[in-house]
Ligand SMILES: [Cu+2]
């Protein structure tokens, strides 16, 4: 663990050094001002380098893949629960005909051909229950084809 920490600090230092080099280049015209800016750059660089690791781990949350099959006249599964703020990749398989899936409130619409697969990525930014409907006319039961998406905290 100590070794891992040591390496990440080393990397942080490198990033800081690059930032300082960049700052020095940028203000290479003024001599007196240059030194002050370099000090400032060093402080900012080290502060940022110290903050970066914890943040990048959070931001890299992998999207959750959810497979959904569409066939006349239902989605399988018919209900999905996801977390607010977590990226979702919806993978839609069209079984017997062209279908679609639209969540109007979430600005999501994905269409799929018969036998095809389509993907759409989105991040739900509000909690609640959202009803998605088939967005490609597929026959007599088309209007009743829906999938409920629960978005929880
Ligand atoms: Cu349809």
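Before moving on, here are some points about what is shown:
- Members of the range 124-143 found to be more than 13 Å from residue 100 (Cα to Cα) and within 12 Å of the ligand (Cβ to nearest atom), listed by number: 140, 141
- Residues of the range 124-137 that are outside any loop (DSSP other than H, G, I, E, B) and under 20 Å from residue 73 (Cα atoms): 130, 131, 132, 133.
- Scanning the range 113-123 for any residue that is in a loop (DSSP other than H, G, I, E, B), away from the ligand (no atom under 15 Å from the Cβ) and closer than 24 Å to residue 83 by Cβ turns up at least one such residue.
- The lone exception for residue 149 - which of (1) touching a helix residue (DSSP H, G or I) at 6+ places or on another chain (Cβ under 7 Å); (2) more than 13 Å from the ligand (Cβ to nearest atom); (3) in contact (Cβ under 8 Å) with a residue 60 or more places away in the chain it fails: (1)
- So residue 46, is it touching a helix residue (DSSP H, G or I) at 6+ places or on another chain (Cβ under 6 Å) and either at pLDDT 95 or above or away from the ligand (no atom under 16 Å from the Cβ) (or both): yes
- Only one of 85, 78, 94, 116 that is closer than 17 Å to residue 142 by Cβ and surrounded by fewer than 16 Cβ atoms within 10 Å (Cβ to Cβ): 78
- Scanning the range 91-112 for residues that are closer than 22 Å to residue 64 by Cβ and in a loop (DSSP other than H, G, I, E, B) turns up just one, 107.
The values are calculated or read from the model by the stated rules, or taken from the named source; none is laboratory data. Note that the structure is predicted; figures quoted are calculated from it, not measured. Using ideal geometry, Cβ is built from the backbone for each residue, glycine included, and neighbour counts are taken over all protein chains shown.
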